[in-house]
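Participant: Take this structure, written in structure tokens, and hold onto it; I'll ask about it next.
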Amino acid sequence: MSKKAIIVGAGAGGLATAVELSCAGWQVDVFESRHEPGGKMHQRQVGDSSIDGGPTVFTMHWVFDQLFRRGGAHFDDRLKLTESRRLARHAWTDGSHLDLFHDTDQSADAIARFANEENAAGYRRFCRDGALIHGLLKDNFMSTTQPSPITLGYRLIRDGGINALSVAPHRSLWSALGKYFSDPRLRQLYGRYATYVGSSPLLTPSTLMLIAHVERDGVWCVDGGMRALALAMAELAQEHGGRFHYDSPVRRIDCVNGRATGITLASGETHSADVVVFNGDTAALSDGLLGADVSTSVPVRPRHQRGLSAITWCINAETSGFELDHHNVFFAQNYAQEFSTIFDNRGICNEPTVYVCAQDRINGAPLKAGTERLLLLVNAPADGDHKAWTRNKLDEQREHALSVVNRGGANITFSEQNCVVSSPDDWHHRFPASGGSLYGAASHGMFSSFTRPSAKSRVKGLYLSGGSVHPGPGVPMATLSGTLAARQIVKDTAE
């Protein structure tokens with residue numbers, strides 16, 4: 001008789017665990033409170049348009065290639081991807097613009113024209129060191145069971161020798177960027193990659209340079225949006241016998257003699273299993289939202305350690321001026337103030353950085369004439385359980401964001417009925433106990449990566465996946481967490 005696994009949550013981590021365990025012959029049941037899979041990979045309905053309201057950047061193609069291959073499928077046969085030749089367009093309120101490309105030489109030429117040859121040479125050194133860090137950490141940290149600092153240090157020296165000295169987590173990303181770029185705008189641009197893991201570049205370790213390398217390794221647009229990726233992962237699990245139960249919120253993870261044995265749904269219905277995998281923000285466990293029996297399964301995360309939240313606007317709009325690409329970033333001038341306002345003052349500054357995803361544009365070309373689908377995002381403190389954003393405050397923040405975009409050269413016009421907003425309190429409601437954090441804990445300090453829970457919780461039979469556990473946030477990393485959870489389960493149950 002096959003072993004039974006229950007997965008609570010159908011985000012990227014839960015979907016990957018479902019694929020891995022169902023392919024390993026387990027009977028897998030996934031219980032999801034929403035009406036479809038995806039977690040943060042979701043769409044908002046704005047008029048007659050469906051707009052990605054969560055992750056929009058597809059990277060680390062190899063993660064999904066390997067997952068689908070283990071499921072007996074070819075990833076590129078399941079989804080239509082188009083590689084972005086231009087990684088992103090960047091604009092500043094002073095009127096300056098910079099495009100970055102997949103090709104290093106092309107980006108270096110653009111930086112030389114934007115700043116000078118010295119900064120272009122710094123960019124090449126930055127690329128070299130980022131590739132080295134990524135190469136050392138890909139197999140020694142990201143794709144493996146969470147190591148201790150000592151274990152990781154040993155592996156890095158073993159595999160990298162003297163080159164391992166480039167992994168300098170004691171130095172902040174912001175400080176490290178000063179070695180490569182004298183132009184403050186470039187320091188600002190590459191510091192933004194810290195926000196990909198919900199953090200401040202002033203506080204994250206310099207190892208996060210690897211994120212820029214990940215983008216240079218390839219960024220793709222997914223036909224149908226990131227929601228299509230979630231549907232494809234769920235379909236693969238179903239092909240191997242995985243069963244999905246939507247609109248099925250879980251009230252409690254049940255335990256007998258200190259071991260997880262199943263779940264109780266909000267409806268009162270119970271289901272038993274050999275193991276339970278929780279694919280949600282681990283704060284929901286420590287806050288007791290899944291029952292007292294599992295409240296000690298993970299460490300408590302203090303409020304000040306939460307990663308970034310966001311205010312997002314999904315919009316059907318007309319655009320003019322600055323020619324958008326799929327990914328666009330609009331910067332103001334005082335970047336350090338933006339993060340001190342969020343993490344120290346628990347607010348949003350009046351000139352925030354604004355990310356704009358133009359979802360009907362691929363490599364600059366609009367897919368259709370007229371209005372286009374946009375996602376606008378500004379970072380925010382994860383205080384959604386303590387602070388409710390009023391309509392007036394949200395409208396005020398939208399005006400601040402649009403002002404930054406407008407001074408960067410782009411004009412965005414729309415009607416109120418064609419704009420849907422999400423705030424930290426909305427994210428908190430969607431992902432309970434998170435406070436609205438979209439990334440679990442912030443990656444602040446040199447040991448932050450080692451403080452995330454691992455796949456194996458403190459409660460027997462209860463395992464973890466998702467962006468709040470090792471190896472960290474983001475769709476590819478959360479997917480890797482699901483694979484690591486499945487491997488841990490197979491190993492533990494074989495003993």
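Participant: Mind listing which trypsin sites (Lys or Arg not before Pro) in the range 307-371 are in a DSSP loop and have 13 or fewer other Cβ atoms within 10 Å?
Facilitator: In loop regions of the range 307-371 (DSSP not H, G, I, E or B), the sparsely surrounded trypsin sites (Lys or Arg not before Pro) are Lys368.
Participant: Oh, and also: With a/c under 1.5 counting as rounded, go ahead and sort the range 190-291 into rounded, prolate or oblate using the C-alpha gyration tensor (a ≥ b ≥ c being the square roots of the eigenvalues; past the cut-off, prolate if a/b is larger than b/c, else oblate).
Facilitator: It comes out oblate by the Cα gyration axes.
Participant: Given the options Ala485, Ser199, Phe431, identify the residue whose Cα lies farthest towards the positive end of the charge dipole of the chain (+1 on Cβ of Lys, Arg; -1 on Cβ of Asp, Glu).
Facilitator: Sorting the options by dipole projection puts first Ala485.
Participant: How far is helix 117-137 tilted off the main Cα axis of the chain, in degrees rounded to 10, range 0 to 90?
Facilitator: Once rounded, the angle reads 10 degrees.
Participant: Taking a quarter of the surface of the convex hull around the Cα atoms of the range 354-495, what do you get in nm²?
Facilitator: 12.6
Participant: Counting only Cα, what are the radius of gyration and maximum Cα-Cα distance Dmax of the range 388-463, in Å?
Facilitator: Cα only, the range 388-463: 18.7, 56 Å (Rg, Dmax).
Participant: So, one more: Can you give me the angle between helix 226-239 and the longest principal axis of the chain, using Cα atoms only, in degrees from 0 to 90, rounded to the nearest 10?
Facilitator: For helix 226-239, the angle is close to 20 degrees.
Participant: Further question on the same structure: With 22 Å as the limit, write out which pairs from Lys460/Lys491; Lys80/Lys138; Lys80/Lys368; Lys138/Lys460; Lys368/Lys393; Lys3/Lys491 have Cα-Cα distances beyond it, or answer none.
Facilitator: Details: Lys460/Lys491 14 Å; Lys80/Lys138 26 Å; Lys80/Lys368 18 Å; Lys138/Lys460 29 Å; Lys368/Lys393 33 Å; Lys3/Lys491 13 Å.
With Cα atoms farther than 22 Å apart: Lys80/Lys138; Lys138/Lys460; Lys368/Lys393.
Participant: Among Gln43, His213, Ser320, pick out the residue whose Cα is farthest towards the positive end of the charge dipole of the chain, where Lys and Arg carry +1 and Asp and Glu carry -1 on C-beta, about the Cα centre.
Facilitator: Final value for the positive-end residue is His213.
Participant: Once you put a point 7 Å from the Cα of Glu323 and another 7 Å from the Cα of Ala266, both along the Cβ direction, what distance in nm separates them?
Facilitator: 4.8
Participant: If you restrict to DSSP beta bridges whose two residues both lie in the chain, what percentage is antiparallel, to the nearest 5?
Facilitator: 70
Participant: What is the gain in length, in nm to one decimal, between Ala365 and Arg346 on full extension, counting 0.36 nm per residue of separation less the C-alpha to C-alpha distance? Please report the intermediate quantities before stating the final value.
Facilitator: On the way: separation 19, 0.36 × 19 = 6.84 nm, distance 3.85 nm.
Taking 0.36 nm per residue and subtracting the Cα distance, the gain is 3.0 nm.
Participant: Here's another thing I want to ask about it. To the nearest 0.05, how large is the calculated FRET efficiency for Thr390 and Thr493 if R₀ is 41 Å and r is the Cβ-Cβ distance?
Facilitator: It comes out at approximately 0.25.
Participant: Here are a few candidate values for volume of the Cα convex hull per residue in Å³: (1) 265; (2) 166; (3) 140. Which one was actually calculated from the structure I just gave you?
Facilitator: Recomputing volume of the Cα convex hull per residue in Å³ here gives the entry labelled (3).
Participant: Expressed as an acute angle from 0 to 90° and rounded to the nearest 10, what is the orientation of the C-alpha long axis of helix 475-494 relative to the principal long axis of the chain?
Facilitator: 20
Participant: What's the long-distance tail for the range 94-135, i.e. % of Cα pairs beyond 17 Å?
Facilitator: Beyond 17 Å sits 32 percent of the P(r) for the range 94-135.
Participant: Counting Lys and Arg as +1 and Asp and Glu as -1, what is the net charge of the other residues whose Cβ lies under 14 Å from the Cβ of Phe322?
Facilitator: On the way: positive: Arg86, Arg89, Arg361, Arg407; negative: Asp94, Asp99, Glu318, Glu323, Asp325, Glu372.
Result for the neighbourhood of Phe322: -2.
Bear in mind that the values in this text are calculations on the coordinates, not laboratory data. Model, not experiment: these values are computed from the prediction. Because the Cβ atoms are built from the backbone with ideal geometry, glycine has one as well, and the counts that use them run over all protein chains shown.
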